[in-house]
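J.: Mind looking over this structure? Questions follow.
The values are calculated or read from the model by the stated rules, or taken from the named source; none is laboratory data. Treat the numbers as computed from the prediction; the structure is a model and nothing was measured. As a convention, Cβ positions derive from the backbone with ideal geometry for all residues, glycine included, and neighbour counts pool all protein chains shown. Note: areas computed on protein heavy atoms with side chains; ligands, DNA, RNA excluded. Shrake-Rupley method; radii C 1.70, N 1.55, O 1.52, S 1.80 Å.
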Amino acid sequence: MEIVAYYLVSFLLTITIVIYAWKLLDWAWFRPRKLEKCLRKQGLKGNSYKLIFGDVKEFAKSFEDAKSKPLKVSDDDICPRIVPYFVDTIKKHGKNCFIWIGPKPMVLITEAEVIRDVFNNYVLYQKPKSTPLTKLLAQGVASYEEDKWAMHRKILNPAFHMEKIKSMVPAVHLSCTEMVRQWQESISTKGTSCEIDIWPYLQRLTSDVISRTAFGSNYEEGRKIFELQKEQGQHVIEAARTLYIPGSRFLPTKKNLRMKEIDKKVQAMIRGIIDKRVKAMKAGEANTDYLLGMLLESNFKQIEQHGNKDFGMTTREIIEECKLFYFAGQETTSVLLVWTMILLSRHPDWQARAREEVLQVFGDGKLEFDGLNRLKIVTMILNETLRLYPPVDTLNRKTTTNTKLGELSLPAGVMLLFPIILLHHDKEIWGKDATEFKPERFSEGVSKATKGQMTFFPFGGGPRICIGQNFSMIEAKMALAMILQHFSFEPSPSYTHAPQSVITIQPQYGAPLILHRL
Ligand code: HEM
């Protein structure tokens, strides 16, 4: 009997090992080779597959090389620095090409109409799964698919309607006033001008804005939450730079333990704010002029309408959405502002035109929502900055089944890459001066500038377009208008022009400018 059991266990063990060995071989070799054959048959070109690593080593090296070479201050042709490997691959293989992200091929998609189709067809083309470590940072609507995505997006949408954003404007004003006061104080210690590295200030500004607008009167607590989220983000970026080994997150390393500790603390703090707010709501004294309040209200309505909790978000899911607001909305808006100020410092004519407009609309008085919507020159400048320095430089998706996309027939499991920045800098689309700062391109709005094509999409597109785009544009207009009211600025001799891609496009060595008090 014992011998039979022994043989049975050995047999099962051998079968299990064979199955896993086959799966591993299939993942590392047979599947990539099959996909490669299929892509080449479609006329797509790329390097031959290299076991497990694909192009990852060359990819990382090209980033490191590009990072070590700053640009001339006047050079806005930043693609070779931001997406060096894609630029090189296109040079080598043409626009119809693919690269290997480990054992997965990723096809570059540069045709505007094809990009639009993919964005609109959000069930067929889904977001690639993030690693468990990235999930610790934030999940929420940005990472869900199909019905779950649709339900969360429906609940979140009302919180981002224009009239709701309008009610958040005083909070944005408060944060901007605080930053302007700090700059005025720095200047007054030096006379009428001084050099300020505006980058850390703008990061603090957008962090402050999202804490106030997300958590209302719980803003101090919100700030602590987001400080922890910021630290979590740094750990995740570090982890993303190394190859992720499945299961390694369970090892009790110092970093893993800290990341879990942060996650627990953040969850407990947001849960505390939610509990307070639910109590206030029950007592009939809740104020909803902040994102979390609106979200809870919208969630409550959704559940009430269907009479079923399954139609709403759980507390855990609401916590994830709050974490996502910070992750998605803070750095993106601060980089939009930093590049706008750097560009305006180099283009005093546009700086003067924007200031003239701001003074015409507001004088030196208080900025308010309706006036911000009348700032035409400022909007043109922000759009041109988003074109040249899109905060998010690339987006990706994957095919979920065998799919016909434009001229291509793609098998399931192929990654698609939309290089936003390459389309924004394409001379065939924008003309010979594509890499020059010319806000006049947008003088008649975005759809005239793009002739209705999907050639300018800093906020993505289709049903999954950025939910916070109006929020961030109002925030950026408010900050820029207030800065223009109080200061003029020019590049500092100590500024090094080195845009680098760290999830968003950031100034590698900060952004020191000379600020003059007006
Ligand atoms: C200049 C500022 C911003 C830029 C350039 C930006 C860019 C983007 C882009 C490109 C996407 C699409 C991602 C994809 O399709 O894979 C996106 C999605 C998203 N953004 Fe933003 N964003 C900005 C500000 C904000 C703000 C302020 C918030 C919230 C407070 C926010 C929240 C989100 C969310 C929740 C999504 C996911 C939407 C969904 O999947 O349905 N973003 N953003």
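J.: Any residue at all in segment 70-82 that's surrounded by fewer than 18 Cβ atoms within 10 Å (Cβ to Cβ), modelled with pLDDT under 90 and away from the ligand (no atom under 16 Å from the Cβ)?
T.: No: zero hits.
Listed here are the residues, each with its yes/no results for (1) in contact with an Asp or Glu (Cβ under 6 Å, 6 or more places away or on another chain); (2) within 16 Å of the ligand (Cβ to nearest atom); (3) at pLDDT 95 or above.
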position	(1), (2), (3)
Thr385	no, yes, yes
Leu405	no, no, no
Leu408	no, no, no
Ile421	yes, yes, yes
Lys427	no, no, yes
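J.: Could you tell me which residue of segment 281-330 is nearest to the ligand (Cβ to nearest atom), considering only residues that are among the acidic types (Asp, Glu) and open to solvent by less than 80 Å² (accessible area, probe 1.4 Å)? I'd like the intermediate steps shown before the answer.
T.: Restricting attention to segment 281-330, the residues satisfying the condition of being among the acidic types (Asp, Glu) are 285, 289, 297, 304, 310, 317, 320-321.
Going one step further and asking which of them are open to solvent by less than 80 Å² (accessible area, probe 1.4 Å), we end up with 297, 317, 320-321.
On the way: Glu297: 17, Glu317: 13, Glu320: 11, Glu321: 8 Å.
Restricting to residues being among the acidic types (Asp, Glu) and open to solvent by less than 80 Å² (accessible area, probe 1.4 Å), the top hit is Glu321.
J.: While we're on this one: Of all residues in segment 3-60, how many are of a type outside the set (A, V, I, L, M, F, W, C) and in a helix (DSSP H, G or I)?
T.: Step one: of segment 3-60, the residues of a type outside the set (A, V, I, L, M, F, W, C) are 6-7, 10, 14, 16, 20, 23, 26, 31-34, 36-37, 40-43, 45-50, 54-55, 57-58.
Applying the additional criterion that residues be in a helix (DSSP H, G or I) yields 6-7, 10, 14, 16, 20, 23, 26, 31-34, 36-37, 40-41, 57-58.
Looking only at that region, the number is 18.
J.: Hey, can you tell me all the residues within segment 472-491 that are open to solvent by less than 50 Å² (accessible area, probe 1.4 Å) and either closer than 22 Å to His424 by Cα or in contact with a Ser or Thr (Cβ under 8 Å, 6 or more places away or on another chain) (or both)?
T.: Looking only at segment 472-491, we keep the residues that are open to solvent by less than 50 Å² (accessible area, probe 1.4 Å), and these are 472-485, 487-489, 491.
Correct list: Ser472, Met473, Glu475, Ala476, Lys477, Leu480, Met482, Phe489, Pro491.
J.: Show the residue pairs that are 6+ apart or on different chains and have beta-carbon atoms under 6 Å apart, the first residue being within segment 335-357 and within 23 Å of Thr206 (Cα to Cα), the second being open to solvent by 10 Å² or more (accessible area, probe 1.4 Å) and acidic (Asp, Glu).
T.: Taking only residues 6 or more apart or on different chains, the pairs are Ser345/Glu490.
J.: Does Val118 qualify as being in contact with a Phe, Trp or Tyr (Cβ under 6 Å, 6 or more places away or on another chain), in a strand (DSSP E or B) and touching a residue at least 60 places away in the same chain (Cβ under 8 Å)? Write out each step before concluding.
T.: Values: in contact with a Phe, Trp or Tyr (Cβ under 6 Å, 6 or more places away or on another chain): yes; in a strand (DSSP E or B): no; touching a residue at least 60 places away in the same chain (Cβ under 8 Å): yes.
No, not satisfied.
J.: Then there's this: State whether the residues of segment 235-256 include one that is open to solvent by 60 Å² or more (accessible area, probe 1.4 Å), hydroxyl-bearing (Ser, Thr, Tyr) and either closer than 23 Å to Phe471 by Cα or modelled with pLDDT under 75 (or both).
T.: Taking every residue of segment 235-256 in turn, at least one turns out to be open to solvent by 60 Å² or more (accessible area, probe 1.4 Å), hydroxyl-bearing (Ser, Thr, Tyr) and either closer than 23 Å to Phe471 by Cα or modelled with pLDDT under 75 (or both).
J.: Can you name every residue in segment 150-162 that is within 11 Å of the ligand (Cβ to nearest atom) and either within 13 Å of Glu320 (Cβ to Cβ) or among the hydroxyl-bearing types (Ser, Thr, Tyr) (or both)?
T.: Start the filter on segment 150-162 by keeping residues that are within 11 Å of the ligand (Cβ to nearest atom), which leaves 150, 152-154, 156-157, 159-160.
His152, Leu156, listed by residue number.
J.: While we're looking at this one, here's another question. Across segment 121-151, which residue is nearest to Gly233 (Cα to Cα) among those that are in a helix (DSSP H, G or I) and of a type in the set (D, E, K, R)? So that I can check it myself, show each step before the final result.
T.: Quick first cut of segment 121-151, residues in a helix (DSSP H, G or I) only: 132-137, 141-143, 146-151.
So of that shortlist, the ones also of a type in the set (D, E, K, R) come out as 135, 146-148.
Details: Lys135: 11, Glu146: 27, Asp147: 28, Lys148: 25 Å.
Among them, the one singled out is Lys135.
J.: Another one. Name the single residue, out of those in segment 469-500 being over 17 Å from Leu515 (Cα atoms) and of a type in the set (Gly, Ala, Ser), that is farthest from the chain's Cα centre (by Cα).
T.: In this case the residue turns out to be Ala498.
J.: Then there is this: Of all the residues that make up segment 61-76, how many are over 21 Å from the mean Cα position of the chain (by Cα) and not in a helix (DSSP H, G or I)?
T.: First, pick out the residues of segment 61-76 that are over 21 Å from the mean Cα position of the chain (by Cα): 61-62, 64-66, 68-75.
Now restrict to residues that are not in a helix (DSSP H, G or I): 68-75.
Total meeting the criteria: 8.
J.: Please tell me if Gln203 is within 30 Å of Tyr290 (Cβ to Cβ), part of a helix (DSSP H, G or I) and modelled with pLDDT of 95 or more. It would help to see each step written out before you state the result.
T.: On the way: within 30 Å of Tyr290 (Cβ to Cβ): yes; part of a helix (DSSP H, G or I): yes; modelled with pLDDT of 95 or more: no.
No: the conditions fail for Gln203.
J.: Among the residues of segment 461-475, write down those that are near the ligand (Cβ under 7 Å from one of its atoms) and of a type in the set (A, V, I, L, M, F, W, C).
T.: Ile465, Cys466, Ile467, Phe471
J.: Within segment 476-496, identify whether any single residue is of a type outside the set (Asp, Glu), farther than 26 Å from Ser334 by Cβ, at pLDDT 95 or above and assigned to a strand (DSSP E or B), and answer yes or no.
T.: Narrowing segment 476-496 to residues of a type outside the set (Asp, Glu): 476-489, 491-496.
This time we only want the ones that are farther than 26 Å from Ser334 by Cβ, so: none.
No, the conditions are met nowhere in segment 476-496.
J.: Is it the case, given these coordinates, that Pro458 is of a type outside the set (A, V, I, L, M), buried (at least 17 other Cβ atoms within 10 Å of the Cβ) and within 16 Å of the ligand (Cβ to nearest atom)? Walk me through it before giving the result.
T.: On the way: of a type outside the set (A, V, I, L, M): yes; buried (at least 17 other Cβ atoms within 10 Å of the Cβ): yes; within 16 Å of the ligand (Cβ to nearest atom): yes.
Yes: the conditions hold for Pro458.
J.: Can you list residue pairs whose Cβ atoms sit under 8 Å apart, with the first residue in segment 453-478 being over 25 Å from Lys154 (Cα atoms) and the second being part of a helix (DSSP H, G or I) and within 7 Å of the ligand (Cβ to nearest atom)? Count only pairs 6 or more apart in sequence or on different chains.
T.: Partner pairs satisfying both residue conditions: Phe456/Leu386; Ala476/Thr333; Ala476/Leu336.
J.: From the list Gly431, Gly365, which one is at positive phi and either hydrophobic (A, V, I, L, M, F, W, C) or open to solvent by less than 60 Å² (accessible area, probe 1.4 Å) (or both)?
T.: Numbers: Gly365 fails: at positive phi.
The match here is Gly431.
J.: Go through segment 325-442 and tell me which helices (runs of 4 or more DSSP H), entirely inside it, have 1 or more residues that are under 25 Å from the mean Cα position of the chain (by Cα) and more than 27 Å from Ser175 (Cβ to Cβ). Break it down into steps so the answer makes sense when it comes.
T.: Details: elements: 348-362, 369-372, 376-388, 420-424, 427-430.
Counting at least 1 such residues, we get 420-424, 427-430.
J.: Also, I was wondering about something else. In this structure, does Ala412 turn out to be at pLDDT 95 or above, aliphatic (A, V, I, L, M), more than 11 Å from the ligand (Cβ to nearest atom) and surrounded by fewer than 20 Cβ atoms within 10 Å (Cβ to Cβ)? Write out each step before concluding.
T.: Numbers: at pLDDT 95 or above: no; aliphatic (A, V, I, L, M): yes; more than 11 Å from the ligand (Cβ to nearest atom): yes; surrounded by fewer than 20 Cβ atoms within 10 Å (Cβ to Cβ): yes.
Spelling it out, it is not the case that Ala412 is at pLDDT 95 or above, aliphatic (A, V, I, L, M), more than 11 Å from the ligand (Cβ to nearest atom) and surrounded by fewer than 20 Cβ atoms within 10 Å (Cβ to Cβ).
J.: Test Trp199 against the stated conditions and say whether it is within 16 Å of the ligand (Cβ to nearest atom) and in contact with a strand residue (DSSP E or B) (Cβ under 7 Å, 6 or more places away or on another chain). Break it down into steps so the answer makes sense when it comes.
T.: Values: within 16 Å of the ligand (Cβ to nearest atom): yes; in contact with a strand residue (DSSP E or B) (Cβ under 7 Å, 6 or more places away or on another chain): yes.
Yes: the conditions hold for Trp199.
J.: Shifting gears a bit: Within segment 1-52, track down each residue that is aromatic (Phe, Trp, Tyr) and surrounded by fewer than 16 Cβ atoms within 10 Å (Cβ to Cβ). Break it down stepwise before answering.
T.: Filtering segment 1-52 for residues aromatic (Phe, Trp, Tyr) gives 6-7, 11, 20, 22, 27, 29-30, 49.
Within segment 1-52, Tyr6, Tyr7, Phe11, Tyr20, Trp22, Trp27, Trp29, Phe30 qualify.
J.: Confirm whether Gln500 is open to solvent by 30 Å² or more (accessible area, probe 1.4 Å), in contact with a helix residue (DSSP H, G or I) (Cβ under 7 Å, 6 or more places away or on another chain), closer than 25 Å to Gln234 by Cβ and not β-branched (Val, Ile, Thr). Walk me through how you get there before you give the answer.
T.: Details: open to solvent by 30 Å² or more (accessible area, probe 1.4 Å): yes; in contact with a helix residue (DSSP H, G or I) (Cβ under 7 Å, 6 or more places away or on another chain): yes; closer than 25 Å to Gln234 by Cβ: yes; not β-branched (Val, Ile, Thr): yes.
The answer is yes for Gln500.
J.: Can you find a residue in segment 103-112 that is polar (S, T, N, Q), open to solvent by 30 Å² or more (accessible area, probe 1.4 Å), at negative phi and within 16 Å of the ligand (Cβ to nearest atom)? If you could, list the steps in order and put the result at the bottom.
T.: Taking segment 103-112 and keeping what is polar (S, T, N, Q), we get 110.
So of that shortlist, the ones also open to solvent by 30 Å² or more (accessible area, probe 1.4 Å) come out as 110.
Now narrow it down to the ones that are at negative phi: 110.
Within this subset, residues satisfying the condition of being within 16 Å of the ligand (Cβ to nearest atom) are none.
No.
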